[in-house]
1. Between the range B:445-487 and the range B:64-84, what is the C-alpha centre distance in whole Å?
2. Could you give the DSSP H helices of chain B that reach 30 angstrom or more along their long axis (alpha carbon positions) and whose average Kyte-Doolittle hydropathy is no lower than 1.6?
3. Just A:265, A:17, A:39 to compare: in a GNM of chain A, with alpha carbon springs under 10 Å, which one fluctuates most?
4. How much net charge surrounds residue B:507 when only the other residues with a Cβ under 13 Å from the Cβ of residue B:507 are counted, with Lys and Arg +1 and Asp and Glu -1?
5. With r as the distance between the Cβ atoms of residue C:180 and residue C:131 and R0 = 30 Å, compute the FRET efficiency 1/(1 + (r/R0)^6) and round to 0.05.
6. Can you compute the equivalent ellipsoid semi-axes for the range B:308-452, i.e. the square root of 5 times each eigenvalue of the Cα gyration tensor, sorted largest first and rounded to whole Å?
7. Dipole magnitude of chain A about its Cα centre, charges +1 at Lys/Arg Cβ and -1 at Asp/Glu Cβ only, in debye to the nearest 20?
8. Angle between the Cα long axis of helix C:154-174 and the longest principal axis of chain C, 0 to 90 degrees, nearest 10?
Amino acid sequence: MENLGGLFNPSSPEMEAMADLTYYTIAISAVILGIIVIAVAYIIIRYRKKPDEDGEPYQDFGSIKIELVWTAIPIAIVAVLFLLTCSTMKAVDPPAGDREPDIVIIGHQWWWEIRYPASGVMTANEVHIPVGEKLLARLESIDVIHDFWVPELGRKIDLVPGHPNYMWLVAGEPGVYIGACAEFCGDQHANMRIRVVAEPEADFEKWTDEQLVVPSTPTAGIAGEGAKLFQTMACMNCHTIRGTAAAARVGPDLTHLADRATIGAGVLTNTPENLAKWLANPQRYKQGSLMPNMKLSDSEVKSIVAYLEALNEQ
Amino acid sequence: MSSRIPLVPENTVPLPSLKANNGLLSWVSSVDHKQIGIMYLIVTFIYFLLGGVEALLMRVQLAHPGNDFLTPELYNQLFTMHGTTMIFFVVMPFLIGVGVYLLPLMIGARDMAFPRLNALSFWLFFFGGILLYYSFFTQSGAPDVGWFAYAPLSEKPFSLNKGPTYWALGLLASGIGSVASGLNNVVTILTMRTPGMTMRRIPLFVWMMLVTSLLLVFVIPIITAAFAMMLLDSMLGATFFTPAHGGSAILWQHFFWGFGHPEVYILILPAFGIISEVIPVFSRKPIYGYEFVAASTVAIGLLSLGVWAHHMFAVGLGNVTNAFFSLASMLIAIPTGVKVLNWVATMWGGRINFATPMLFGTAFIIEFVVGGLTGVAIASVPIDWVVTDSYFIVAHFHYAIFGGSVFAIFAGVYYWFPKFTGRMLSETLGKWHFWLTVIGFNMTFFIQHFLGVMGMPRRTYTYYDMPYWGPMNLISTIGAMILGLSVLVFVWNILVSLRNGRPAGDNPWNAWTLEWATTSPPPVENFELVPPVRGRRPLWDLAHPDMPDEPGAKIV
Amino acid sequence: MANNKMLVGFFIASESIFFLMLILAYVNFHGSVTDGPTAVNSLNPVVTGIFSLFLFASSFTIWLAGKSLREKNHFMLKVWILATIILGAVFIFGQGLEWSGLIDKNITISRNVFGTTFFTLTGFHGFHVCVGLIMLSLLLALALAGDFKGPKSDAVECISLYWHFVDGVWVVVFSVIYLWAFL
């Protein structure tokens, strides 16, 4: 049976705490529902009007004692649930105090800008973290309200323009964790996926170093052509490629695009073929996306793909 | 004053035929609460069909991952309109409409306190809905920002089309009508009860409508203000909800949910009222614990004003705030639970007739308890952090609103249709309707609890091919198709029974409240003679003079 | 007999919530403007205060109208209703002066959150005053035509209640916008 994901595969102590609370609550609820269902089933069988029955049954108006008992019991259940709620809240979301965030996540329609203040790494849609470490994320939005949700790792939290939020991010096991935007943010809300890659410390350092490499601009071959096209077509108006004049933040940083697993925040797997398809007409794969169809010719597409792939080979 | 020359001839028959002379005019100009009530029921039913089609289209799109049956733009319009329609143009006006019909009868009055205000309410609702649906025919289409229209997505520059404006204006108009209904109900209930009917003797449906009406009076202005601010933002460049200019996106949420949460109690309390009438009659026993059911209604009404931010646990309001709203939301489960136990206790020891109203009434209890229990779960902040904005929430509120309000509405229709029309609905078709509804409803929504906890977000026009999500969504879609079929059976039942239904007589269910003490349908003046009221069940007291509900009650 | 006064009473309760929301919005944003027009640097509480006295006085005159009604003094009823209308109109005139002064200085509803909340709150209040003036004018017209001989009239009593409400709202709005800023 395949991994069911989400609540069924908690991969951090925080998520486990929330999963436990959920299971306790579901268990209590199941018992309560069971009592009601059994009572109703019994009533249907036992108190159904039989054909030979005549007249009215005993007219019972109620009993104050019983009302008090069955008000007191739910109060007790609620009290227990509330105490568990508070303790789980404290465990999952302790205050951040003055600590500086390790990761800054900025929501855009419809992609995630990811920055690491300490190292200076800037990337998009994929968050790499060292396994086992409890990191503090600050979440902001540049446009509308988004929500960061990786079901196996922990709570979700809104990215509200004008109101930065903080969240702890930790993965207990190495792996790739898939998440999604969880606050309706417009046409392509459904295609704003998150990938959290949790890796051993050494691998994470290696990734950081690779991300910080500023590639030199290719000049020869179709990659060189692509580099020139990138500067002359409108790409620079929206994207950053470090080491060049392109430094806009409307769209994702493409310096190490070739390193990422998906294109368009999850809409396509990242292969040169798919990248070519995307460039030929992004609106086909993410209709409404803020990247217009640049109406590139086939050779232009080939060149730019070659350029972007070449950036990562250094 | 000089002699009156009415524009429209006085109405002398209960249900004037449209084919009669001035037939349509007599309906359109009517200020009779029974005609207005019936108009509410007919129009809400049309919106129910529209909202249902919207839902079916969405479910077809979601039947498998990566589907392209609908474009994202159209899907987003559909889910916005589905939610807005079902809440504001189906459940709420249906319950208001059935209240408008029944309240004067149940309290032994001739009409509402303000008959013309009553008509105004209906027409505001009617035209508000038309204004909203007109948006489908405009160039930019229907609103597509969700029924909750969060800022700043709903405003410029993120929403450049007119959809949200139609949404706000249509709801504004309809909302003013709802306040007027609330005001009318409150004054009617407080001042027009027949002698002998003290507040402690009014039917529980009337209690529920009283609390609901007070809620309408006090919370619709909250959303009216929010709509006004939103329209000022979009039309005059005001900055209430635009963070880029110093406004606050969170302020919109506080206003919206400050209204929106009490609104869901407005949707359920009258449904509780219907159930509180149906279950005793079909169990042949009085409601168990009348005082506790009435008091718990008041408690729910008051508590409902203090829980709104449980819709905002993921917004980052701070854990002290979160904890307060968490506790308040859990507390509201207590009076609600008391009601459920009282209904079950009413059935206990009864001699139950499982006619269609009672089938829906009994199923209501189970379905609503599921919705209520998941509600208590999500009142817990960490659990909410896991499941909010996922299909778990979609499942939760459909169990509460469909499994709750709509099932109660069906129970009410089968119960009171004979009174409104003089004919019984078919029991055979009723049972088919019931079972198709139960199977279709549970098949559609139960599995969504699991989709939610497995990580499927809501308000998404498509989803990724995660393990099992496709088959689970397909099951949900098939359930929705069965639900669609059940509605067709219901429509058929109504049409067939209007023509050929068994004549009902005054009191086919042998019920006890005053609406059954007159003909079916009631005459224009409601009663030839209102029976004496010396207890909660006037007709029981009449039929059992040796065993009155309140022995020793003074004759008024 | 339909209880008109109860209806107006609950209606006033409902409208109070509406105004409460506008006031909460104002309060929420108060103090958040760091540069640009704010209450402190844009408003003149003294001038507005003087015009407010006219509105408060109109509550007194409508009360006198009610008293005349109870005493069946038809002539004075008309006088006091007219006085109320005039006093209310002066208040609206003052609001108009204030608004045009602000707009001249480019302080508009879209300028910043102060402009937004100020114009919205005072605007809806002014709108309610205008609706009141229309209803009072209708009352006056009917009175001139011979209606309201007294001692009772639901119409006069209900509209008076509404007028007092509109006045009461201004007490709160004036305190929140003008007094709070300057204290």
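What follows draws every value from the coordinates through simple rules; no lab data is involved. Everything numeric here is computed off the predicted structure, so don't read it as measured data. Because the Cβ atoms are built from the backbone with ideal geometry, glycine has one as well, and the counts that use them run over all protein chains shown.
1. Rounded to whole Å, the Cα centres lie 14 Å apart.
2. Correct list, ordered by number: B:204-236, B:356-379.
3. Answer for the Gaussian network model of chain A: A:39.
4. Numbers: positive: B:419, B:537; negative: B:506, B:515.
Spelling it out: positives minus negatives among the neighbours equals 0.
5. The computed FRET efficiency comes out at 0.65.
6. Working from the Cα gyration tensor, I get semi-axes of 34, 17, 12 Å.
7. Working: 24 positive and 39 negative charges, 127 e Å.
Approximately 620 debye in magnitude.
8. It is inclined by approximately 20 degrees.
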